[in-house]
Amino acid sequence: MSVPLVRLFPLDLLKGFVAVGRRMSITQAADDLCLTQSAVSRQIHALEEQLKVPLFVRKHRGVAFTAEGERLFRSADSALQQLQDVVAEVRRIEGQRPVTVTASIGVTGLWLLPRLGSLQKTHPHLDVRLSASNRIGDLRAEGIDLAVRYCRDAAAPPGAIRLFGEHIAPVAHPSLVREIAEAGGHDEPLLSLPLLEFDDPRTWLQWRSWLEPGGYHQASQRGMLRFNQYDQVIHAALAGQGIALGRLELVRPLIDGGQLVIVPTALQAPPSPNAYWLVHASDQPREDVRRVAEWICQEAAHTVTTRARATAT
């Protein structure tokens, strides 16, 4: 019959007993437990008082088990070893903080999310958390490990890694381009369909910077739809609601997959002075963060290569 839990001796006493039994030395056990030799001796004495039997025979150079002590040690050593293993595993799992990556809502939805499958395939045990936000905050204060920033070269933070530049072209659902061809209407396709506008102050992302240099001071004859998030603009284009200004590095997979097409136009694209940069919160990132950063750089290199091939063809 087992002893009720309430009558079981304090487990600290058992820890001291096992430490001595593993070393067969009170002095060495004290070193293992970061205690004094007298403190460990008191633990052993207190345990013997609780059990009403001696557990060790004290010798000049160490100790030896009594029969009762050896029987208790065989069970206690195995139980504590299992407990040590489980605690180590729990602490290891809890210690694996997720790698937090922040980027704008558009970059997260159009560039990062579609590529996460390759990261999970390459590093299946990594725990990654995406934080989509257009706000630029303090990475360390907010517990963020990596950030993808969109800015000019001169504004890139020290140590930032340039991922890729930006090229822009009108994009639309293939059905709309066919509609233009079949209608045989206006010579400039951009004036034949609704335009999808991203509410952003940067001029190269605005339709006005495309239309006015060509002498068109009004928007499309079919009107304009405005959105406050860039991924909404692209989703509207995918739904066939109009022509969007496609940031080609972000929407290239949609073009390659035939979901969007570049709309032919005689108008010239205003150059984008911005690029996309990878920023580390720490100069000495932990291993998981380093692996995610390497993956982002590899995906960025693939983006640049894909863009170069598309331009060549």
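The values are calculated or read from the model by the stated rules, or taken from the named source; none is laboratory data. These figures come from a predicted structure and were not determined experimentally. Here the Cβ is made from the backbone with ideal geometry for all residues, glycine too, and neighbour counts use every protein chain on show.
Regarding segment 44-59, can at least one residue be identified that is surrounded by 16 or more Cβ atoms within 10 Å (Cβ to Cβ) and in contact with an Asp or Glu (Cβ under 7 Å, 6 or more places away or on another chain)? Yes, segment 44-59 has at least one match. Being at pLDDT 85 or above and touching a Ser or Thr at 6+ places or on another chain (Cβ under 6 Å) is a property that Pro98 lacks. Checked against (1) crowded, with 18+ Cβ neighbours inside 10 Å; (2) assigned by TED's automatic domain parsing to the domain that holds Gly143, Ile105 meets all criteria but (1).
Only one of (1) over 15 Å from Arg22 (Cβ atoms); (2) not assigned by TED's automatic domain parsing to the domain that holds Cys297 is not met by Leu55, so which one is it? Only one criterion in (1) over 15 Å from Arg22 (Cβ atoms); (2) not assigned by TED's automatic domain parsing to the domain that holds Cys297 is unmet by Leu55, namely (1). Checking the structure you have, find out if any residue of segment 168-176 is out of contact with any Phe, Trp or Tyr (no Cβ under 7 Å at 6 or more places or on another chain), surrounded by 20 or more Cβ atoms within 10 Å (Cβ to Cβ) and closer than 27 Å to Leu278 by Cα. Within segment 168-176 (the criterion being out of contact with any Phe, Trp or Tyr (no Cβ under 7 Å at 6 or more places or on another chain), surrounded by 20 or more Cβ atoms within 10 Å (Cβ to Cβ) and closer than 27 Å to Leu278 by Cα), the answer is yes, since at least one residue qualifies. Of the residues Val279, Val292, the single one that is in contact (Cβ under 8 Å) with a residue 24 or more places away in the chain and in a helix (DSSP H, G or I) is Val292. In the set Asp85, Asp138, Asp145, only one residue is touching a residue at least 60 places away in the same chain (Cβ under 8 Å) and either under 11 Å from the mean Cα position of the chain (by Cα) or exposed (fewer than 15 other Cβ atoms within 10 Å of the Cβ) (or both); that residue is Asp145. The residue pairs whose first member lies in segment 54-76 and is over 19 Å from Ala30 (Cβ atoms) and modelled with pLDDT of 85 or more, whose second member is aliphatic (A, V, I, L, M) and buried (at least 18 other Cβ atoms within 10 Å of the Cβ), and whose beta carbons are closer than 7 Å, counting only pairs six or more residues apart or on different chains, are Thr66/Leu55; Glu68/Leu55; Leu72/Leu55.
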